[in-house]
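Enquirer: Before anything else, here's the structure in question.
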Amino acid sequence: MKALVYKGPGDKALEDHPKPAITAPTDAIVKISKTTICGTDLHILKGDVATCEPGRILGHEGVGVIAEVGAAVTAFKVGDRVLISCITACGKCAYCRKQMYSHCTTGGWILGNTIDGTQAEFVRIPYAETSLYPIGKGADEDALVMLSDILPTGFECGVLNGKVQPGNTVAIVGSGPIGLAALLSAQFYSPAEIIMIDLDDNRLDVARRFGATATVNSADGKAVEAVMALTGNRGVDTVIEAVGIPATFELCQKLVAPGGTIANIGVHGTKVDLHLELLWDRNITITTRLVDTVSTPMLMETVRTRKIDPTLLITHRFKLEQILEAYKTFGNAADTKALKVLIEA
């Protein structure tokens, strides 16, 4: 089969690769229909994710069709259409029983990280019964690809951890796909204001179309002043970090109001300073999280009933044989205006 293989920092290749095989009775083999590229894949290529070693097939998002099931799999059969969760859950360990599936002792974020992932024609899914979701008739597969990772990530790590409430003021630092996913799902809770902050005017235009009440281009270094002007010099109740670099986390610390919450989503590969000398007396909460995908069934219902439309995030479409071009497009989003790229296997 064809697969996108990580060769080391800054290096990747589309290669012929052996098809995966069942290795445990709880496995399923899924023939990929559609997948995508995540910002985390770019972090891997930068060398930020030490657990992902050269030779790994990348990707942790997608939808497909069951091609083979292990002897212990009874909830799915060959031919079933499924959504692949970015998080693999055994469903039995101490963390899974707390619904902290991201910390499953034998699973978690392993697809495209410590085991081969979804940017290929086929993928092996461990613990299939608790790591796959059935797709109903007539469901929009393009929308559901966005529910593998970015929608539950933006919602759980940003909106839920950020304690977004009706009437609150929210700032989201980063108007890329994850930030926009947080923007879409924050509106479930009717905050009074959602301020999107980014360096890219195109992405800020998209954010306004998606429901942002205000946008701030931070290129001039005056984002703090702009947000304070919008909030009566108080700051925001919730600030969501959706980039993953030191400068954006430091910005979040300057934007949060007394009693507020900083919710980190970004993948941080380098040292970040925490300014307790400024924050120790401000009654703030700082949260970190890897998505657990506990919200996936709920989000699937919101998509089914058209309460939310994740296809708005899709800007480009490619075939699997064009995946190197897809990476180039996604990695140069400032020039290409890319948000999410959809890849058909």
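The values are calculated or read from the model by the stated rules, or taken from the named source; none is laboratory data. Only a predicted model underlies this, so the values are computations on that prediction, with no experimental measurement involved. Because the Cβ atoms are built from the backbone with ideal geometry, glycine has one as well, and the counts that use them run over all protein chains shown. With ligands, DNA and RNA removed, areas are computed over all heavy atoms of the protein, side chains included. Shrake-Rupley method; radii C 1.70, N 1.55, O 1.52, S 1.80 Å.
Enquirer: Where nothing but the Cβ of Lys and Arg (+1) and of Asp and Glu (-1) is charged, how large is the charge dipole of the chain around its Cα centre, in debye to the nearest 20?
Expert: That gives a dipole near 620 debye.
Enquirer: Quick check on the stretch 301-345: take the gyration tensor over C-alpha atoms, sort the square-rooted eigenvalues as a ≥ b ≥ c, and tell me if it's rounded (a/c under 1.5), prolate or oblate.
Expert: Here the stretch 301-345 falls in the oblate category.
Enquirer: Under the rule of -39500 (n - 2.57) per DSSP H run of 4 or more residues, summed and divided by the residues of the chain, what mean residue ellipticity at 222 nm is obtained, to the nearest 500 deg cm²/dmol? Don't jump to the answer; show the numbers that get you there.
Expert: Details: 13 runs with 89 residues, N = 345.
Result for the chain: -6500 deg cm²/dmol, rounded to the nearest 500.
Enquirer: Which whole-number percentage describes the relative contact order of the stretch 16-117, with Cα contacts under 8 Å and a sequence gap of 6 or more?
Expert: 28 percent
Enquirer: Using a 1.4 angstrom probe, figure out how much accessible area the stretch 96-194 has per residue, in square angstrom, rounded to the nearest whole.
Expert: For the stretch 96-194, the solvent-accessible area averages 32 Å² per residue.
Enquirer: What does the charge dipole of the stretch 1-102 about its Cα centre add up to, to the nearest 20 debye, if the Cβ of each Lys and Arg holds +1 and the Cβ of each Asp and Glu holds -1?
Expert: Details: 13 positive and 10 negative charges, 60 e Å.
The calculated dipole for the stretch 1-102 is roughly 280 debye.
Enquirer: Can you tell me the dipole magnitude for the stretch 218-307 around its Cα centre, using point charges on the Cβ only (Lys, Arg +1; Asp, Glu -1), in Debye to the nearest 20?
Expert: That gives a dipole near 380 debye.
Enquirer: While we're here: Could you rank Glu68, Glu225, Glu344 by how accessible they are, 1.4 Å probe, largest area first? The partial results should precede the final answer.
Expert: Values: Glu68 85, Glu225 110, Glu344 60 Å².
Result, largest first: Glu225, Glu68, Glu344.
Enquirer: Starting from the 7 Å offset along Cα-to-Cβ, what nm value, one decimal, do you get for the label separation of Asp48 and Glu193?
Expert: 2.9 nm
Enquirer: While we're on this one: What is the Å³ per residue value for the convex hull set by the Cα atoms of the chain?
Expert: So the per-residue Cα hull volume is 128 Å³.
Enquirer: Pulled fully out, how much extra length does the chain show between Asp140 and Glu121, if you take 0.36 nm times their separation in residues and subtract their Cα-Cα distance?
Expert: Between Asp140 and Glu121, full extension yields 4.8 nm more.
Enquirer: Roughly how much of Met1 is accessible, in Å² to the nearest 10, using a 1.4 Å probe?
Expert: 40 Å²
Enquirer: How much solvent-accessible surface does Leu278 expose, in Å² to the nearest 10, with a 1.4 Å probe and all protein chains in place?
Expert: 110 Å²
Enquirer: Could you state how much accessible area Glu321 has, in square angstrom rounded to the nearest 10, with a 1.4 Å probe and all protein chains kept in place?
Expert: Accessible surface of Glu321 is approximately 140 Å².
Enquirer: Still on this structure, I have one more. For the stretch 196-290, what's the relative contact order in percent, using C-alpha pairs closer than 8 Å and at least 6 residues apart?
Expert: 21 percent
Enquirer: Step through the table entries Lys19/Lys307; Lys34/Lys77; Lys12/Lys340; Lys92/Lys328; Lys98/Lys319, compare each Cα-Cα distance with 31 Å, and write down the pairs that go over it.
Expert: Lys19/Lys307; Lys92/Lys328; Lys98/Lys319
Enquirer: Now for a separate question. Where both residues lie in the chain, what percent of DSSP beta bridges are antiparallel, nearest 5? Write down the numbers at each step before the final one.
Expert: Details: 29 of 56 bridges.
If I count the DSSP bridges inside the chain, around 50 percent turn out antiparallel.
Enquirer: Still on this structure, I have one more. Over the chain, what is the relative contact order in whole percent, taking alpha-carbon pairs under 8 Å and six or more residues apart?
Expert: So the answer I get is 17 percent.
Enquirer: Next question. How much length is gained on full extension from Thr106 to Val78, taking 0.36 nm per residue of separation minus their Cα-Cα distance?
Expert: Value of the extension gain: 7.6 nm.
Enquirer: Using R₀ = 22 Å, calculate the FRET efficiency as 1/(1 + (r/R₀)^6) where r is the Cβ-Cβ separation of Val224 and Asn332; round to 0.05.
Expert: 0.20
Enquirer: Report the chymotrypsin sites (Phe, Trp or Tyr not before Pro) located in the stretch 205-289 that are in a DSSP loop and have at most 15 other Cβ atoms inside 10 Å of their Cβ, or state none.
Expert: In loop regions of the stretch 205-289 (DSSP not H, G, I, E or B), the sparsely surrounded chymotrypsin sites (Phe, Trp or Tyr not before Pro) are Trp280.
Enquirer: Which whole number in µm²/s is D for the stretch 1-128 by Stokes-Einstein, with the Kirkwood Rh taken over Cα pairs at 37 °C and 0.692 mPa s?
Expert: My calculation gives 222 µm²/s for D.
Enquirer: Same structure again: Can you tell me the alpha carbon radius of gyration of the stretch 70-217 divided by the globular rule-of-thumb value 2.2 N^0.38 Å?
Expert: Its radius of gyration relative to the 2.2 N^0.38 Å reference: 1.21.
Enquirer: Ok, one more. Separation between the Ala247 and Asp309 pseudo-spin-labels, each 7 Å from Cα along Cα→Cβ, expressed in nm?
Expert: Rounded to a tenth, the inter-label distance reads 3.4 nm.
Enquirer: Which of the three applies to the stretch 194-235, rounded, prolate or oblate, going by the alpha-carbon gyration tensor with a ≥ b ≥ c and a/c under 1.5 meaning rounded?
Expert: Oblate, because a/c is 1.5 or more while a/b does not exceed b/c.
Enquirer: Here is a further query. How many percent of the accessible area of the chain is carbon or sulfur, using a 1.4 Å probe?
Expert: 52 percent
Enquirer: Turning to a different aspect of this structure: Send over the per residue convex hull volume for the stretch 200-339, Cα only, as a whole number of Å³.
Expert: Enclosed volume per residue, from the Cα hull, is 161 Å³.
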